[in-house]
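Accompanying notes for the structure given below.
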Amino acid sequence: RDEKLVTDVERRALEHPVASCPDRAEHERWAERIDRLREETAALEKRVGKRTGTLARTFGHVLDVLEKFGYVEADSLTERGERLCRVYNESDLLVAEALETNVFADLDPPELAAVASSLVYDSRGMPIEFAWPNEKVRKAFGRMMRSYKKIRDAEEQRGIELCREPDSGFTERIYWWAHGEPFDEVLGMSEQSAGDFVRSTKQVWDLLKQLAEVSPDDKLSKQFRLAADAVYRGVVAYAGAL
């Protein structure tokens, strides 16, 4: 019976109008390609749908965190949220929280530069020996870490990550640089190359300028500007002019 069925199928195939088409082989190839493209398109649509759903959930979690810390209320930005929008940093939420929780209060320009450096510097997991410039910087960094841990707890509850942990590895060098110490002496405090020092300092300078613009306190804004001016000198300013 199987042989008869195969024979009947072959006979109907030979009698089909398409069987006599001189371009049948090419048409068959195109039909196979169409079927394959349809399958690939369906698979891609399924993947995009999953990713879109994931993005939507992630966005919802981010909004939850922002609402928890007072940056969003009823799907609208608060005054804090407006300031956050003007911060451009890998850890922008932590930068904003540092402002809102007075981490930078009562610090002089070199101390501001030292504490701000922890928001941009990345030691890439390498152990770095350093000494706290003074007790005020150490305590301010401690307040920064408490803010970070609160944000991190909120992130972990929602399975997201918005902020990088602050890194204190550059605080000593940038403090003494902002204090006016010679380049060679500051560079000798670590094995960091001159190019890396200049690059890190310019990142601190950029953040200090942002903080001067977004700070809600005029006196603190002035201090941030003075800190930015203090680090943008010598070889750093020269490299920026090239």
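Scanning the stretch 222-242 for residues being under 22 Å from F170 (Cα atoms), modelled with pLDDT of 95 or more and in a helix (DSSP H, G or I) gives a total of 9. Filtered by the rule that a residue be surrounded by 14 or more Cβ atoms within 10 Å (Cβ to Cβ) and assigned to a helix (DSSP H, G or I), the stretch 178-195 gives A178, F183, V186, L187.
Is it fair to say R29 is at pLDDT below 70, part of a helix (DSSP H, G or I) and out of contact with any Leu (no Cβ under 7 Å at 6 or more places or on another chain)? In short, no.
Matching residues to (1) at pLDDT below 85; (2) charged (D, E, K, R):
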residue: E39; (1), (2): yes, yes
residue: A43; (1), (2): yes, no
residue: E67; (1), (2): no, yes
residue: E79; (1), (2): no, yes
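Tell me whether the stretch 118-131 contains one or more residues that are closer than 21 Å to A239 by Cα, surrounded by 18 or more Cβ atoms within 10 Å (Cβ to Cβ) and at pLDDT 90 or above. Looking for residues that are closer than 21 Å to A239 by Cα, surrounded by 18 or more Cβ atoms within 10 Å (Cβ to Cβ) and at pLDDT 90 or above, one finds at least one in the stretch 118-131, hence yes. Residues that are over 26 Å from V65 (Cβ atoms) and either modelled with pLDDT under 90 or among the polar types (S, T, N, Q) (or both) do occur in the stretch 154-174.
Scanning the stretch 151-177 for residues that are assigned to a helix (DSSP H, G or I) and without any contact (Cβ under 8 Å) to a residue 60 or more places away in the chain gives R152, D153, E156, Q157, T171, E172, R173.
The values are calculated or read from the model by the stated rules, or taken from the named source; none is laboratory data. Quantities reported herein were computed from a predicted structural model and do not represent experimental measurements. Methodologically, a virtual Cβ is constructed for each residue, glycine included, from the backbone with ideal geometry; neighbour enumeration extends over all protein chains shown.
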